[in-house]
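Presented below is the structure to which this report refers.
Any read-out appearing in this document is the output of simple, stated calculations on the displayed coordinates, not a laboratory observation. Values in this document were obtained by computation on a predicted structure and should not be read as measured data. Note: ideal-geometry Cβ built from the backbone for every residue, glycine included; neighbour counts use all protein chains shown.
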Amino acid sequence: MTLRRRLIAGFLVIAVTLAIADLAVAVIQRNAVLRQLDAQLESARPLAQKIVNQFTQRDPAGDSTVVKGGTYVGHLLPNGELVALVTPASDPTMSPDVSDPSALSSPRTRRTTSGVTGRVRVLAAPLKDGSTAIVAVSTASAAAAAQKAAITMGVAALVVLAVMSLVIAWVNRFGLRPIRRMTDAADAITAGALDSRLEVVDDGTEAARLGAALNTMIDANRVSQERLRNFVADASHELRTPLTTLLGYSALYEAGGLATADEVNDAMARMGREAARMARMVDDLLLLARLDEAGGSVLVPVDLSGVLTDVASDARVVQSEREISVVCPESFSVMADRDHLLQAVTAYVSNALRHTEPTTVLVISAEQRGTQVRIAVADRGEGIDPEVIDHVFERFFRSDTGRARSSGGTGLGLAIVSAIVDEHGGRCGVDSEQGVGSTFWIELPLLEQRIR
């Protein structure tokens with residue numbers, strides 16, 4: 001059952017409950033007044049007997065003069081004739097129905113046989129001579145009390161129902177309708193309409209916040225899907241290049257195109273390099289997949305000076321002629337996965353080694369900036385073109401495609417750095433100026449008391 005139907009069902013239940021309560025209050029009020037009338041009749045019975053006896057003594061024939069009062073008093077003769085002795089001033093001709101007088105030993109409601117009063121409460125009091133004194137009062141007050149209670153409760157119920165109707169309409173407009181639109185949008189997205197969005201009015205309601213969050217999720221999902229499509233397309237393209245080389249040399253060999261041992265050796269060497277590059281690319285893709293899953297790394301305190309020193313030592317082995325310096329305080333630590341952090345800094349350094357001249361000085365440093373630690377790899381090379389600097393951390397992006405491929409780059413190194421930094425809850429970026437150089441940096445949260 002939908003929430004709207006539940007609200008309507010709740011509204012109907014409350015309406016029925018109020019109607020029953022209205023009826024119950026009216027009945028209770030009527031019964032309360034009737035009890036008061038019965039008490040009045042019980043207290044008036046001795047007086048009625050006395051009045052009848054007095055009128056009978058004066059006029060034994062029963063032709064008594066009628067007196068106007070507040071309560072009806074009559075004399076029921078043995079022959080069944082009812083003689084009125086006292087009648088209400090508001091209804092002088094009132095006469096109750098006294099058939100079956102034996103049933104009137106306790107107060108009963110009876111109709112009238114004359115007069116404007118419709119119903120009366122009647123009580124009979126037997127006399128010594130075999131006749132009966134009759135006392136009666138109108139039940140109009142009980143009916144009026146019940147009617148007044150019913151009207152009061154009815155008006156209150158209508159007010160309550162009107163307020164509930166306004167509340168339900170308000171909830172439906174600002175709560176249920178937006179949720180319905182969100183449900184429709186979610187169904188559309190499930191059906192494949194990734195461009196579906198909600199029109200959200202920023203009115204501060206939870207539904208508006210939920211709609212804005214859903215739009216954000218839709219945008220993120222669309223970006224993620226687009227990134228996934230691009231990633232698959234780029235990966236297919238990048239893997240196709242070495243695969244084409246392998247298939248080409250294989251076909252050339254089968255066709256007898258490699259006649260000499262030198263040609264075969266050269267072909268095998270080229271195939272080996274392409275296979276190795278393909279293997280590196282697959283390894284990088286698997287690493288990115290693991291990093292995207294998140295939660296797979298164990299962060300422990302890591303000494304930065306040791307990491308940076310190891311990276312610099314490995315770089316000097318690759319390019320012994322390059323001047324590489326490390327600037328980092330001793331016992332300078334962060335919470336990190338050491339292997340991943342080492343891989344990220346190595347990727348920065350490898351990138352600098354490939355894209356700068358061997359004579360370019362390379363500085364690997366770490367410094368505290370507030371609550372953060374900034375790890376930087378700075379060079380004094382040519383710098384990066386401003387038009388491409390915003391894309392350097394994208395997967396399979398190369399600022400110089402030809403040189404990157406010839407040097408064995410996969411185009412995933414900086415993307416892996418970005419994924420590793422995200423895994424550590426940090427930030428990464430690059431500051432570059434053409435003709436001056438580039439500084440690739442990573443910022444990670446600083447451990448307490450890291451500098452001693």
For segment 300-445, give the magnitude of the charge dipole about the Cα centre (Cβ charges: +1 Lys/Arg, -1 Asp/Glu; no others), in debye to the nearest 20. 220 debye
Taking only complete DSSP H runs, can you tell me which helices of the chain stretch 24 Å or more along their own long axis by Cα positions and average at least 0.0 on the Kyte-Doolittle scale? 3-58, 140-171
Can you give the Kirkwood hydrodynamic radius for segment 3-145, in Å, rounded to one decimal and based on Cα pairs? 16.8 Å
Computed, not fitted: 222 nm per-residue ellipticity of the chain from DSSP H runs ≥ 4 (each -39500 (n - 2.57)), nearest 500, equal to -18500 deg cm²/dmol
Would you work out if segment 68-168 is rounded, prolate or oblate? Take a ≥ b ≥ c from the square roots of the eigenvalues of the alpha-carbon gyration tensor; rounded if a/c is under 1.5, else prolate when a/b is larger than b/c, oblate otherwise. prolate
Neighbour-count order for I8, I416, fewest beta carbons within 10 angstrom listed first: I8, I416
One finds the C-alpha centres of segment 321-388 and segment 90-150 to be spaced, in Å, by 109 Å
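Only counting other Cβ atoms within 10 Å, I'd like E42, E330 sorted with the fewest neighbours first.
E330, E42
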With the contact rule set at Cα under 8 Å and sequence spacing of 6 or more, what percent relative contact order holds for the chain? 10 percent
Quick shape check on segment 273-338: root eigenvalues a ≥ b ≥ c of the Cα gyration tensor, a/c under 1.5 is rounded, otherwise prolate if a/b tops b/c, else oblate, and it reads oblate
Taking R181, R290 and counting other beta carbon atoms within 10 angstrom, the fewest-first order is R290, R181
Using the Kirkwood formula over every pair of different C-alpha atoms, what hydrodynamic radius in Å results for the chain? 32.4 Å
Could you calculate the contour length gain from D184 to V171, that is, 0.36 nm times the residue separation minus the distance between their Cα atoms, to one decimal place in nm? 2.8 nm
Please give the Cα centre distance for segment 209-232 versus segment 18-54, rounded to the nearest Å. 76 Å
Along the charge dipole of the chain, Cβ charges K/R +1 and D/E -1, which of S131, A157, N265 sits furthest on the positive end? S131
With +1 on each Lys and Arg Cβ and -1 on each Asp and Glu Cβ, how big is the dipole of segment 3-145 about its Cα centre, in debye rounded to the nearest 20? 820 debye
